[in-house]
Amino acid sequence: MRIDILTLFPEMFAPLKESLLGKAVEKQLIDIHYIQIRDFSKDKHKKCDDTPFGGGAGMLMTPQPIADAIESIPNYKHAHIVYLSPKGTTLTQAKVQQMAQTYEHLILLCGHYEGVDERIISLYVHEEISIGDYVLTGGELPAMVLVDAIARYIPGVLGSSESTQNESFSQNTLEYPQYTRPQEFRGLKVPDVLLSGNHQEIERWRTQQAQILTQKRRPDLLQ
Ligand code: 4FV
């Protein structure tokens, strides 16, 4: 999968160069390109923002640099262009899985200030996605969240010991409690069933725990 990220702050994306994601890029499982929108500004001061028509607080990102940055991307017309925005569809695990399985080329537009000129959305954006009902200073963190979540579904990114199967939301429940060594820590013991070697009982316990936890914290998932 190729992902082009359009941003005013490429340096914010250092986390995508670490750990599993960094290894996935090294192994060329994911091809991530960072595009500095400001490089495309035709303003003599490289301005990329301006005041909103009709008044109102804050600044908007102007359309020209964004449009030219998008059109600089090879085959941009065949990519799925996403704008990270509180006005978008809220991201869910199902949406992440669908995107990972559907798109070979994603372009992620990161807004800043009050966002982008509406004409960019009309002309180029296929989908607006929100990571939650709160307002951030920029679309960079949401873009990193989206890339991280999608990358987990790309074959080879997760180690053989990890899986997207029995995890929170994958079966419309939260994940069961998990334990590792030592068997006792600060007086708290690992549940005996997990030490029993009885896989049928372990599976039954995990299913029951997931149901209890989901009913308590996220009954909406059970609907
Ligand atoms: C956001 C979110 C978000 C709004 C104005 C960036 C900011 C600024 N993006 N999910 N919640 N974006 O708050 O995706 O441009």
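The values are calculated or read from the model by the stated rules, or taken from the named source; none is laboratory data. As the structure is a prediction and not an experimental result, all values here were calculated from the model. Methodologically, a virtual Cβ is constructed for each residue, glycine included, from the backbone with ideal geometry; neighbour enumeration extends over all protein chains shown. Only protein heavy atoms, including side chains, enter the accessible area calculation; ligands, DNA and RNA are left aside. Shrake-Rupley method; radii C 1.70, N 1.55, O 1.52, S 1.80 Å.
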- Determine if the range 145-160 includes at least one residue that is within 15 Å of the ligand (Cβ to nearest atom), farther than 23 Å from P65 by Cα and in contact with a strand residue (DSSP E or B) (Cβ under 7 Å, 6 or more places away or on another chain). yes
- Starting from residues that are outside any loop (DSSP other than H, G, I, E, B) and farther than 18 Å from F9 by Cβ, keep the ones in the range 43-67 and report whichever is most open to solvent (accessible area, probe 1.4 Å). D50
- Message: For the range 19-42, give me the residue count where each residue is over 18 Å from P155 (Cα atoms) and surrounded by fewer than 15 Cβ atoms within 10 Å (Cβ to Cβ).
- Response: 3
- Item | One residue from Q171, Q209, Q165 being over 15 Å from the mean Cα position of the chain (by Cα) and either among the β-branched types (V, I, T) or loosely packed, with under 14 Cβ neighbours inside 10 Å (or both) | Q165
- Looking only at residues in the range 77-127 that are assigned to a strand (DSSP E or B), aliphatic (A, V, I, L, M) and farther than 13 Å from D4 by Cα, which one is farthest from the ligand (Cβ to nearest atom)? V116
